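Below is one structure, written out as structure tokens; comments come after it.
The values are calculated or read from the model by the stated rules, or taken from the named source; none is laboratory data. The model shown is predicted, which means the values in this text are computed figures rather than measured ones. Reconstructed Cβ throughout: ideal geometry from the backbone, glycine too, with neighbour counts over all protein chains shown. Side chains included, ligands, DNA and RNA excluded: accessible areas come from the protein's heavy atoms. Shrake-Rupley method; radii C 1.70, N 1.55, O 1.52, S 1.80 Å.
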Amino acid sequence: MEKGMGAASPTIRDVARLANVSVATVSRALNGHDNVAEAVRKRVVEIASSIDYSPHHAARSLSRGRTHTVGVVLPDLPCEFFARLMCGIDAAARERGLQLLVSGHHRSADSQAAAVRVMRGRVDGLLAISPYGGLEVAAANLPRSLPVLLLDSDPAADGVSILGVDNHAGAMAMMRHLVDQGYRDIAFISGRLPHFNATERLRGYMDAMAQLLPGVPARVVQGDFDVQSGSRAGEELLAGPRRPDAVFAANDMMALGCMFAFQRAGLRIPDDIGLAGFNDIPLASHTSPPLTSMRIDLSRLGSDAFAMLLDRMEGDGEARTRIVQPELVVRESTAKPV
């Protein structure tokens with residue numbers, strides 16, 4: 001068999017010339033299409049093997065109009081959030097033989113819109129956490145044919161699937177728990193605004209204060225979803241004219257920072273002050289005392305999001321919305337002494 005192809009790698013044109021068929025026939029034969037005679041298919045496969053021809057994945061993808069790649073665009077959020085979420089997304093992608101193109105740590109709607117635009121033509125579907133209400137997805141002018149799923153984002157976004165967490169209901173549930181425990185002066189450490197989930201958790205806190213503790217002033221300290229901002233918020237609350245009897249942080253990382261600040265000041269949790277978080281990261285059950293939190297199974301959320309996106313990619317149905325309810329996990333940090 002002829003192997004005089006020179007130094008360059010053999011191409012599909014070389015296979016077509018040696019098999020005396022068209023390039024299109026070679027492509028159909030190697031990709032398993034039905035409209036190729038078995039004898040022709042066998043000859044093409046044998047020739048391709050004999051000259052060590054391997055179809056270039058990108059070229060094959062272009063000929064099919066598929067890249068077998070899913071884009072994932074993430075904002076600038078704490079690494080513990082990324083890691084658990086990506087575990088679920090990556091496992092679901094590997095199970096289906098698909099690749100991921102990931103872009104993360106975007107701190108503004110503009111930078112995330114730019115990342116989404118870069119995905120055009122490179123992915124068969126797009127999964128994005130959209131803390132700015134989906135505006136960056138609309139701003140990216142994506143083709144309407146590209147399946148898009150927004151994760152934990154504004155359900156009001158048009159034309160895309162949504163898998164969300166009911167952050168407002170979760171914050172309300174935590175506040176009911178704290179009030180049921182007897183706490184009345186409850187401060188809140190907010191997440192990074194205007195992130196969608198931070199806004200929703202703050203709204204849940206404010207609504208709960210109005211409904212459950214009418215006449216009691218709300219106390220909100222701004223945080224940034226990380227340990228350092230939680231520690232600063234704790235110090236700010238202790239420096240105020242009166243100390244709250246409980247603190248609800250919009251995520252566990254800020255709750256941990258607040259816990260460290262309280263313990264440095266000699267306070268005992270929950271004897272002197274109650275403390276609660278949101279997300280139920282693995283560390284929450286191992287702190288001293290263990291932290292009460294709202295549980296979101298981030299790994300499951302990631303795999304479910306990928307499955308919903310794959311449904312759209314395979315043409316199974318229209319865009320749809322699914323909202324997940326977080327689960328209250330009560331631990332010692334809010335066990336107010338009788």
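What shape does region 186-338 have by the C-alpha gyration tensor, where a ≥ b ≥ c are the square roots of the eigenvalues, rounded means a/c under 1.5, and otherwise prolate means a/b greater than b/c and oblate the rest?
Values: a/c = 2.28, a/b = 1.86, b/c = 1.23.
Prolate.
As a fraction of the 1.4 Å probe accessible area of region 182-338, surface on carbon and sulfur atoms comes out at 51 percent.
Modelled this way, with points 7 Å down the Cα-to-C-beta line, the labels at A218 and A39 are 7.9 nm from one another. Rounded to the nearest 0.05, the FRET efficiency derived from the C-beta distance between A210 and A24 at R0 = 56 Å is 0.25. Stretched out straight at 0.36 nm per residue, the stretch from R120 to Q263 would grow longer than its current Cα-Cα span by 46.5 nm.
Just order 163-169, 237-243, 252-258, 321-327 by mean Cβ neighbour count inside 10 Å, highest at the front, would you? Spell out each step's value before the answer.
On the way: 163-169: 20.4, 237-243: 12.0, 252-258: 28.1, 321-327: 14.3.
Descending mean neighbour count gives 252-258, 163-169, 321-327, 237-243.
By per-residue mean of other Cβ atoms within 10 Å, what is the highest-first order of 176-184, 36-44?
Numbers: 176-184: 16.7, 36-44: 14.7.
Packing proxy ranking, top to bottom: 176-184, 36-44.
With a Förster radius of 41 Å applied to the beta-carbon distance between I323 and D271, the computed FRET efficiency rounds to 0.65.
To the nearest 0.05, what FRET efficiency results for E95 and V330 with a Förster distance of 35 Å applied to their C-beta separation? Don't jump to the answer; show the numbers that get you there.
Values: r = 34 Å, r/R0 = 0.98.
That pair, E95 with V330, gives E of 0.55.
Between S49 and R66, the modelled label-to-label distance comes to 2.4 nm, taking each label 7 Å out from Cα in the direction of the beta carbon.
Annotation: extensible slack from D185 through L238 equals 17.7 nm (criterion: 0.36 nm per residue apart, minus Cα-Cα distance).
How much area per residue is accessible in region 159-208 when the probe is 1.4 Å and only protein heavy atoms are counted (Å²)?
Values: 1410 Å² over 50 residues.
Ligands and nucleic acids excluded, the result is 28 Å² per residue.
Amide H contacts of R331: T292, S293, each under 5 Å away and 5 or more positions distant or on a separate chain (H built 1.01 Å from N in the peptide plane; Pro and chain starts excluded).
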